[in-house]
Amino acid sequence: MATATFDSNPLEQLNWLIHLYYVRGEIAKCKELIKRQIKMSSGKHEYAFFKQGVILREEDKIQEALESFQMCHKLNCDNADNIKEVAKCLYLLRKYRIALEAYLEAERISTKPDWEIYHNIGQCWVSLGENAKAKEYTKKAVQLGKQECSYTLLIKILISEGDLQTAINVSNAALESCPDSTSMLTQSGLLHLKLGQVQPAFQCLSSAVALNPSCSEALLGIGCITQAHEEYEVALSKYKIAVQINPDSIALWNNIGMCFFAKQKYVAAISCLKRALWISPLNWKVLLNLGLVHLSTSQPASAFNFLCAAVNLRPDAALPFLALGCALFELKDPENAVKAFQQAELLSKNDYNTMLNTVLALLTVGQYEQASTVLEKFKRVSEGDSQIDKQVTNLSNNLESALKKLMIRNELEELSESLVGDALVPNAKQEKDSEKSSEKAINETENLRKLESDEV
């Protein structure tokens, strides 16, 4: 009868103690025990290498952690968890293509579908710019695991594709799985806000703040809603709480500055906007707002500098060109102002204010035909729009009447100039005839004088 033999001193006998030290946070004892176990096993202790890699990665020693996980993979090539950890280190080292290959290998040898593998493959494809493949694997991860991180990644991919409505649907599905997630509530609220759905946005953001009063993004979203409704004091109260939590937020300082601008506190507005510009010197929206504030305070030269920087950063945006045209008018440069307005009119998607400003600029420099063309375009675009502002309609009517008067006056001036030119032609002929007659008279007198002298 066969008898079973057991190893009296197996390698795994102290794995429980390594794990216990790790979960208790006694990292120094854990590392010392790991080194001792690796030395006793002559470098063949898989679990010791695994925990060593985890600790090194938490200490941001990614390369050393990668070497530890690679030792685990050499000791046990059929363990998918080892390959996953190797791939994770490669991803952190920004070696996305190699990390993707490792995750695909882990998927191949895995005995059952793993949502984490699918999720990480999706992350790799996103980093490589392949959104279609990333979406495919992320959907698999969502179906298998229904984890918040997978939902967040899928929403990120949909936002990059511009499919905001589908992103909202995904966020709503995520809230069914994790209803107490502050980040998911905040993200859902901000998505609703982007689509102009103010009421559901406010509900989601308020729920996020109720769960986590220090959520700066949710406070920022609520502040934006109240600021849009001209409740500046309420908005400022939200922003002041958020800026204490996140003092380096560009959006917060920008919005605080614009609240002060709306309250006509221009010095405070400029100070806050310059704080935002100090955090992000190449933010074109902050530069544009600084230009607008300086225009309001009758500082067109300073406004011109900020607006030129905004135009250089975003040459495909209409609003910086529109503001630049206003600054150039203040600087008594109507010709370049007209060019800026025309560029803004080309870039804007039939924006009423841009078209009317262009008409006004063209009238100022006397280009009446072009002004008439832009005004006709405005009429064609605005026809049938029941939501158009009455002030815009009144302005267009005033510009049309002014254009007609200026065109009539221009025609009259041209007609009067032509009549003056015709009147000058016979006068010139009369002058020539008089010159000829005077010359003839002079010649006759000279001949008479000669005759008289001969007779004498």
With the first residue restricted to region 374-385 and required to be free of Cβ contacts under 8 Å to residues at least 24 places away in the same chain and more than 15 Å from residue 357 (Cβ to Cβ), and the second required to be surrounded by 15 or more Cβ atoms within 10 Å (Cβ to Cβ) and not aliphatic (A, V, I, L, M), Cβ contacts under 9 Å at 6 or more apart or on different chains are 379/396; 379/400; 385/352
Checklist entry - If you check residue 127 against the conditions, is it surrounded by 22 or more Cβ atoms within 10 Å (Cβ to Cβ) and either β-branched (Val, Ile, Thr) or more than 23 Å from residue 220 (Cα to Cα) (or both)? => result no
Exercise for the section: Might you let me know whether region 245-253 holds any residue that is in a helix (DSSP H, G or I) and polar (S, T, N, Q)? Expected result: no
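When you check residue 346 against the structure, is it open to solvent by less than 60 Å² (accessible area, probe 1.4 Å) and out of contact with any Asp or Glu (no Cβ under 7 Å at 6 or more places or on another chain), yes or no?
When the stated conditions are applied, residue 346 does not pass them.
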Reported set for region 144-190 where residues are among the hydroxyl-bearing types (Ser, Thr, Tyr) and assigned to a helix (DSSP H, G or I) is 150, 151, 152, 160, 166, 171, 177, 182, 183, 186, 188
Result of the Cβ filter at 6 Å on region 104-133, keeping first residues that are of a type in the set (D, E, K, R) and partners that are surrounded by 18 or more Cβ atoms within 10 Å (Cβ to Cβ), at least 6 apart or interchain, is 105/83; 107/117; 133/125
Just a yes or no: is a residue in region 247-254 crowded, with 16+ Cβ neighbours inside 10 Å and of a type in the set (Ser, Thr, Tyr)? yes
Selection over region 191-216 where residues are assigned to a helix (DSSP H, G or I), crowded, with 20+ Cβ neighbours inside 10 Å and either of a type outside the set (Val, Ile, Thr) or modelled with pLDDT of 95 or more (or both) yields a count of 8
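State yes or no: is residue 220 under 30 Å from residue 329 (Cβ atoms), among the hydrophobic types (A, V, I, L, M, F, W, C) and outside any loop (DSSP other than H, G, I, E, B)? If you could, list the steps in order and put the result at the bottom.
Numbers: under 30 Å from residue 329 (Cβ atoms): no; among the hydrophobic types (A, V, I, L, M, F, W, C): yes; outside any loop (DSSP other than H, G, I, E, B): yes.
The answer is no for residue 220.
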*Being exposed (fewer than 14 other Cβ atoms within 10 Å of the Cβ), modelled with pLDDT under 95 and among the polar types (S, T, N, Q), is that true of even one residue in region 98-115?*
yes
Of the residues in region 253-296, those that are among the polar types (S, T, N, Q) and under 12 Å from residue 307 (Cβ atoms) come to 289
Taking region 355-383 and keeping residues touching a Phe, Trp or Tyr at 6+ places or on another chain (Cβ under 6 Å), under 15 Å from residue 394 (Cα atoms) and either of a type outside the set (S, T, N, Q) or open to solvent by less than 40 Å² (accessible area, probe 1.4 Å) (or both) leaves 355
- Would you check if there is a residue in region 64-74 being at pLDDT below 95, open to solvent by 20 Å² or more (accessible area, probe 1.4 Å) and not in a helix (DSSP H, G or I)? no
Checked pairs for region 283-306, first in contact (Cβ under 8 Å) with a residue 12 or more places away in the chain, second in a helix (DSSP H, G or I) and among the basic types (Lys, Arg), C-beta under 9 Å and 6 or more apart or across chains, list as 286/274; 290/274
- Query: Has region 357-368 got at least one residue that is at pLDDT 80 or above and within 27 Å of the chain's Cα centre (by Cα)?
  - Reply: yes
Quick count over region 213-235, residues being under 17 Å from residue 269 (Cα atoms), of a type outside the set (Gly, Ala, Ser) and within 23 Å of the chain's Cα centre (by Cα), is 2
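State whether one or more residues within region 337-354 are among the acidic types (Asp, Glu), under 30 Å from residue 397 (Cα atoms) and modelled with pLDDT under 95. Spell out the reasoning first.
Let us first name the residues in region 337-354 that are among the acidic types (Asp, Glu), namely 345, 351.
Pick out the ones that are also under 30 Å from residue 397 (Cα atoms) and you get 345, 351.
Filter again for modelled with pLDDT under 95, leaving 345, 351.
Yes, there is a match, as at least one residue in region 337-354 is among the acidic types (Asp, Glu), under 30 Å from residue 397 (Cα atoms) and modelled with pLDDT under 95.
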Item checked: Meets criteria (in a helix (DSSP H, G or I) and charged (D, E, K, R)) for residue 112 -> no
So, first residue at negative phi and of a type in the set (Asp, Glu) in region 134-159, second residue buried (at least 18 other Cβ atoms within 10 Å of the Cβ) and outside any helix (DSSP H, G or I), Cβ within less than 6 Å, six or more apart or across chains; the pairs are 148/181
- Determine, yes or no, whether residue 274 is within 19 Å of residue 326 (Cα to Cα), among the charged types (D, E, K, R) and either assigned to a loop (DSSP other than H, G, I, E, B) or open to solvent by 30 Å² or more (accessible area, probe 1.4 Å) (or both). no
Here the qualifying pairs (Cβ atoms under 6 Å; residues six or more apart or on different chains; first in region 68-89 and over 19 Å from residue 38 (Cα atoms); second of a type in the set (Asp, Glu)) come out as 83/105
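The values are calculated or read from the model by the stated rules, or taken from the named source; none is laboratory data. What you see is a predicted model; the values in this text were computed from it and never measured. All Cβ positions, even for glycine, are placed from backbone atoms using ideal geometry, and neighbour counts span all protein chains on display. Areas reflect the complete protein model, heavy atoms only, side chains present, ligands, DNA and RNA absent. Shrake-Rupley method; radii C 1.70, N 1.55, O 1.52, S 1.80 Å.
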